[in-house]
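This report concerns only the one structure given below.
The values are calculated or read from the model by the stated rules, or taken from the named source; none is laboratory data. Being a predicted model, the structure only gives us computed values, none of them experimental. Positions of Cβ are backbone-derived with ideal geometry, glycine not excepted, and every protein chain shown enters the neighbour counts.
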Amino acid sequence: MLVDIRTIPRNWIFKRSGHATLGTCALLLLGAFALFSVVSEPGGNTSVDRIAYQVTDWLVTGPVHRVMHPVIDNAGDVGAPGACIYLALILATVLVVQRRWLAAGLVLVVLILLSAIELVVRAQLGTMSLGELPRFVVAPRTEHFFAIGPYPSGHVARTMLLASIEVAMLPRALRRIGAVAAIVTAGLCGLSRIHGGQHTGSDVVGGILLGAGLGLLWAAVLPAVGMLERQMWSARWLSTLASTKSASHR
């Protein structure tokens, strides 16, 4: 039995309580990312870059360096491609256990979409040529990946995306705490990338905007995904029930 998608209201994203805000925020963040990508100047000489360098330097050399220095040194590993793939698979598995097949698949789709946007933007800005894309996919940790000013920061974007998805999966009472933890985690990952010289402050800001925008977009479409999943399970249950009754009458 096919799922009738016409039963989903066309303006569902603005009718469901709470999800109107998520959808609007997602569009605003993605729009801000697009705008920031246009106005941002590569090279690490903008005011955002200078402030980011100063904050990072103060944290690793200032009064709190004994605590923050080791944290910042290791925080960048959170957004590594391998770690994020494993985390995405874990999140998808949790959703599959909850019989949220479409939501689980959407986690992987949005992660692939983020990587595609990252590569396209870098190619458009000239920080990576189109000829390097196959090499990037095969060996993302080679020297070309650490070119000066590779905008946006993929590590930060992936961290923010998956953290946003985790927050959306939490019980409602824990989401505010989870949101703060997500922002702190992405921020520390960004500071780590700045401290290591792989990215500038602008790269980190772009990564946060992109990751948060796609993460909120994933959360905003959950109501429609949930409707489709319920219809699919209902159709399957009715089909099984009809088959059982038909078999019993034979």
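Okay, here's what the table says:
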item	result
Residue tally, condition over 20 Å from Leu95 (Cβ atoms) and aliphatic (A, V, I, L, M), over the stretch 155-172	2
Pairs where the first residue, in the stretch 22-45, is more than 20 Å from Gly154 (Cα to Cα) and the second is modelled with pLDDT of 80 or more and among the hydrophobic types (A, V, I, L, M, F, W, C), C-beta under 6 Å, 6+ apart	Leu22/Leu216; Leu22/Ala219; Leu22/Ala220; Gly23/Ala220; Cys25/Leu216
For Leu209: the one exception among (1) of a type in the set (A, V, I, L, M); (2) surrounded by 12 or more Cβ atoms within 10 Å (Cβ to Cβ); (3) at pLDDT below 90	(3)
Breaking point among (1) touching a Leu at 6+ places or on another chain (Cβ under 7 Å); (2) touching a residue at least 24 places away in the same chain (Cβ under 8 Å); (3) under 29 Å from Gln98 (Cα atoms), for Met160	(1)
Qualifying positions in the stretch 92-128 - in a helix (DSSP H, G or I), basic (Lys, Arg) and touching a helix residue (DSSP H, G or I) at 6+ places or on another chain (Cβ under 8 Å)	none
